[in-house]
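Asks: Here it is, the structure, as structure tokens.
Rule-based calculations on the coordinates, nothing more; no lab input. Source: prediction; values computed, not measured. Neighbour counts run over all protein chains shown; Cβ positions are idealised from the backbone, glycine included.
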Amino acid sequence: MNQALTITALPYSPDPLGIFACLRARPGAVLLDSGRPIATGRFDIISSDPLATLEVAHHGEASMASDQLSPPAHIANDAFALQQWLLDQLDIPNETSELPFLGGLIGYWGYDLGRKTLSIKSAQASPVTLPQARLGLYDWCITLDHMAQQAWLIAPPQRREQVESWLTQTPTPNSAFTLTNSFKAELSHTQYVARFNAVQRYIRAGDCYQINLAQRFYADYQGDEWQAYLQLRKATPTPYSGFMAWGDKAVLSLSPERFIQCSNGEVETRPIKGTRTRGATLEEDQALAEQLLRSTKDRAENVMIVDLLRNDLGRVCQPGSIRVPQLCRLESYPNVHHLVSVVQGTLAGNYTPLALLKAAFPGGSITGAPKIRAMQIIDELEPCQRSVYCGSLGYVDVRGSMDTSIAIRTMVAEAGRLHVWGGGGLVADSQADEEYTETLDKIRHLIGALE
């Protein structure tokens with residue numbers, strides 16, 4: 001498929017929201033949001049009207065909607081093979097550009113797709129019917145580069161005229177967003193503690209070293225999910241945010257955590273483990289940050305996941321290329337302090353970014369270790385499937401680059417109900433009440449922004 005592109009300068013804006021509002025009603029509209037001007041991400045990527053849309057249904061079957069493309073039958077139910085086939089339908093553009101996306105896949109990969117890939121059966125029902133993955137093949141985008149303070153429309157010539165006309169249209173007025181009841185917890189404190197104790201028994205028995213245990217909260221609402229996203233973004237802007245909506249479904253992600261970035265064969269993942277809430281005063285805030293930095297328990301939790309990710313990346317990276325340039329550094333966000341590490345490697349020549357994603361998915365920071373046994377225990381103890389939560393949002397570029405988040409601090413909307421999860425890593429010396437409080441701290445700002 002022809003991928004001749006024009007790269008046209010647009011007026012720069014430090015905020016992508018106005019541009020996306022013009023496209024919000026378009027089919028397949030998607031925003032990958034760096035959280036600017038408050039958060040520190042570099043690029044916003046906006047697009048709509050994909051050439052094809054791939055969904056992996058809740059029960060695991062893949063389907064594709066396209067007027068132009070029809071995949072071969074032998075890969076019809078192989079989600080990652082289908083994604084690679086879609087990418088291969090776009091020619092690699094001749095243009096040389098440092099912009100991160102010149103066409104390719106944008107969307108999400110849900111946590112439950114990881115269970116399917118790893119052949120982990122689930123005994124739990126899902127609270128929603130969102131697909132395990134939903135990805136569009138996009139041949140155009142608008143990119144805001146906040147470091148260079150530039151904006152670009154990247155599109156084939158025939159698309160360029162379409163997009164320019166869309167951007168001149170007055171955004172469709174959206175209905176106001178309101179909750180019709182307060183968020184409710186799926187688990188009581190007593191039920192959470194019972195599951196915490198079960199994790200401790202597994203750890204003492206040697207089944208696992210760490211389990212990321214989460215709980216779900218839900219509330220009913222009326223109005224437009226985009227308005228909800230604006231409220232959430234104002235309360236807690238983060239560098240790996242994203243929004244997409246279709247039908248009666250939407251994904252609203254305010255993630256602070258990168259999963260995997262791949263550029264020119266160089267790979268990076270940034271696991272978060274270790275959390276403290278922000279203090280009410282400067283003194284209290286600094287004390288909580290220092291407490292986190294000194295915590296041997298939180299450091300051990302982080303190091304365990306670093307080791308897991310080194311192993312995951314090592315499956316598809318060049319031998320000897322895995323390195324850890326940052327271990328347990330403090331990063332602060334509007335509602336929490338985190339410990340963040342960085343693991344890097346060099347992709348082996350016979351592997352693609354999608355093969356890398358499949359090898360490491362879902363991210364170890366939201367499963368525990370060892371990964372497969374941790375995921376089995378999670379499915380046993382959590383009362384419902386995770387859907388998009390703890391999966392990833394992001395893009396895979398036709399030239400071989402990729403950037404994805406870990407979909408924490410993420411709300412899933414369907415049929416007038418919002419779902420949000422809060423979780424944390426449990427190790428041998430974890431304390432039940434502290435871990436329960438941590439699950440609340442991580443989503444308190446999100447729930448508060450809507451209530």
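Asks: Nothing charged except the Cβ atoms of Lys and Arg (+1) and of Asp and Glu (-1): what's the magnitude of the dipole of the stretch 6-450 about its Cα centre? Round to the nearest 20 debye.
Replies: The calculation lands at about 760 debye.
Asks: With a ≥ b ≥ c the root eigenvalues of the C-alpha gyration tensor of the stretch 144-202, is it rounded (a/c under 1.5), prolate (a/b larger than b/c) or oblate?
Replies: The shape class here is prolate.
Asks: Do me a favour and compute the ellipsoid semi-axes for the chain from its Cα gyration tensor, root of five times each eigenvalue, largest one first, whole Å.
Replies: Over the Cα atoms of the chain, the ellipsoid semi-axes are 33, 25, 22 Å.
Asks: To the nearest 10 degrees, how steep is helix 225-235 against the longest Cα principal axis of the chain, on a 0 to 90 scale?
Replies: 60
Asks: Mind checking which of ALA407, GLN158, LEU309 is farthest towards the positive end of the chain's charge dipole, using Cβ charges of +1 (Lys, Arg) and -1 (Asp, Glu) about the Cα centre?
Replies: Result: LEU309.
Asks: Then there's this: Taking the mean number of other Cβ atoms within 10 Å as a proxy for protection, how do you rank 346-353, 401-408, 149-156 from highest to lowest?
Replies: 401-408, 149-156, 346-353
Asks: Quick check on packing: order 330-337, 43-50 by the mean number of other C-beta atoms within 10 Å, highest mean leading.
Replies: Packing proxy ranking, top to bottom: 43-50, 330-337.
Asks: When the Cα centres of the stretch 389-408 and the stretch 167-203 are compared, how far apart do they sit, in Å?
Replies: One Cα centre to the other: 22 Å.
Asks: Can you tell me the orientation of helix 282-294 relative to the chain, as the angle in degrees between its alpha-carbon axis and the longest Cα principal axis, to the nearest 10?
Replies: 80
Asks: Around ARG134, what is the net charge, scoring Lys/Arg as +1 and Asp/Glu as -1 over all other residues with Cβ under 11 Å from its Cβ?
Replies: Once all neighbours under 11 Å are counted, the net charge is 0.
Asks: Which angle between 0 and 90 degrees, to the nearest 10, do you get for helix 371-381 versus the longest principal axis of the chain when only C-alpha atoms count?
Replies: Between the helix axis and the principal axis of the chain, the angle is about 70 degrees.
Asks: Sum up the charges of everything whose Cβ sits under 12 Å from the Cβ of LEU87, counting Lys and Arg as +1 and Asp and Glu as -1, but leave LEU87 out.
Replies: -3
Asks: Any lysines with Cα under 24 Å of the LYS184 Cα? List them, leaving off those in the same chain fewer than 8 positions away.
Replies: LYS234, LYS249, LYS442
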